[in-house]
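Values in this text are rule-based calculations from the coordinates and carry no lab data. Computed from a prediction, not measured in an experiment: that's the story for all the values here. Ideal geometry is used to build each Cβ from the backbone, glycine not excepted, and the neighbour counts take in all protein chains shown.
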Amino acid sequence: MKRILTALVLIPIVSYAVLGESEVLFLAVLSAVALFCFYEYEGLVTGHGIARPGPVGYLLGLAILLLPGREITPALVALVALALALRAANLKNALLQAGAFALGIFYIFGAWRAAADMRAVSGKWWLLFALALNWAGDIAAMYAGKTFGKHKLAPRVSPGKSWEGAIASTIASMIFGAVYGTYMLPATPIYWVILIAAIGNIAGQTGDLAESAMKRGAGMKDSGTLLPGHGGWLDRVDSSLFAVPVVWFLLQWLERFKN
């Protein structure tokens, strides 16, 4: 019940921020979610015995998310990460520390920057689509997995997930894409929307497994406790952190294909 109530509160807020006219509100909500995610990511990092990125990680991440251009390049992030890693008490851990720093920046703030760019270029309805396709998939996976799940998808990483649930998730996202695309994205051929939904769903499921692997490696059940019934913010948006950049990439590729 807590899980359902939390979703009933969060989904309207996120939808309003995405579809609303206020760019300030959208970026404020996006920044808040990114900061919560990065805070929980720091907890996962320390669970692996690696020093947390610290304040510089937050500042650099927000710069990537909010600056209008591409001033913060991957090379600059790598340089900052390596420079900060020089402070490591044991230099054997310097490479791990630098890697964890850079990964967190790109994994979280980079994904939400893709969301901001998608909204600005492709439109609000495409961003809502990229977020919602895994919501639909998660519901189908939960019920199909409980009812039909017999074959483990990734037992070492997430023992509760099954191939049956994963397939149901992808099919549900494709059905969602067909319906959503017909009414909200009429300018795009429906077969493209369905294909993007399928690929985005698979990316989202991979994101879910990736976060589960980080939690398992850190000896943690949830990334946090801020969302009743869901655990932490990373537990709630792990699929979107993979799905949104992939959908944005496909949309850019589709535009090139059209031209």
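For n ≥ 4 DSSP H runs only, could you compute -39500 (n - 2.57) per run for the chain, divide by its residues and tell me the 222 nm figure to the nearest 500?
Values: 10 runs with 191 residues, N = 259.
One gets -25000 deg cm²/dmol as the mean residue ellipticity at 222 nm.
Distance check, please: which entries in K150/K215; K92/K215; K124/K152; K124/K146; K146/K215 exceed 32 angstrom between their Cα atoms? From the list (K150/K215; K92/K215; K124/K152; K124/K146; K146/K215), the Cα-Cα distance tops 32 Å for K124/K152; K124/K146. Overall form of the stretch 71-218: oblate. Here a/c, set by the Cα gyration tensor axes a ≥ b ≥ c, is 1.5 or more, and a/b is not larger than b/c. Whole angstrom only: what separates the Cα centroid of the stretch 71-142 from the Cα centroid of the stretch 175-202? That distance is 25 Å. Ignoring aspartates and glutamates fewer than eight residues from K161 along the same chain, the ones with Cα atoms less than 13 angstrom from its Cα are D138, D208.
Between I171 and A78, the contour length at 0.36 nm per residue exceeds the Cα-Cα span by 29.6 nm.
How far, in nm, would the chain grow between R256 and K146 when pulled straight, counting 0.36 nm per residue and subtracting the alpha carbon separation?
Working: separation 110, 0.36 × 110 = 39.60 nm, distance 4.16 nm.
Extra length available between R256 and K146 comes to 35.4 nm.
Pull out the extension gain between F106 and Y191, defined as 0.36 nm times the separation in residues minus the alpha carbon to alpha carbon distance; nm, one decimal.
Values: separation 85, 0.36 × 85 = 30.60 nm, distance 3.06 nm.
Net length gain for the segment: 27.5 nm.
Listed options for P(r) over Cα pairs in 10 Å bins from 0, in percent are (i) 7, 27, 31, 20, 10, 5, 1, 0; (ii) 8, 32, 35, 19, 7, 1, 0; (iii) 7, 28, 35, 22, 6, 0. The value calculated from this structure is the one marked (iii).
If each residue's Cβ is checked for other Cβ atoms within 10 Å, how do L185, L227 rank with the fewest at the top?
Ranked by crowding around the Cβ, least crowded first: L185, L227.
For the chain, which span is the longest to avoid every loop-located (per DSSP) member of GluC sites (Glu not before Pro) having at most 15 other Cβ atoms inside 10 Å? The reported range is 72-259.
Between E71 and V121, the modelled label-to-label distance comes to 2.0 nm, taking each label 7 Å out from Cα in the direction of the beta carbon.
Can you tell me the dipole magnitude for the chain around its Cα centre, using point charges on the Cβ only (Lys, Arg +1; Asp, Glu -1), in Debye to the nearest 20?
Details: 20 positive and 14 negative charges, 122 e Å.
The calculation lands at about 580 debye.
Set the Förster distance to 41 Å, then compute FRET efficiency between A88 and Y16 from the Cβ-Cβ distance, nearest 0.05. So the FRET efficiency works out to roughly 0.40. Counting every C-alpha pair in the stretch 62-118, the share spaced more than 18 angstrom apart comes to 36%. Legend: ranking of residues D222, D208, D138 from fewest to most surrounding C-beta atoms inside 10 Å; resulting order D222, D138, D208.
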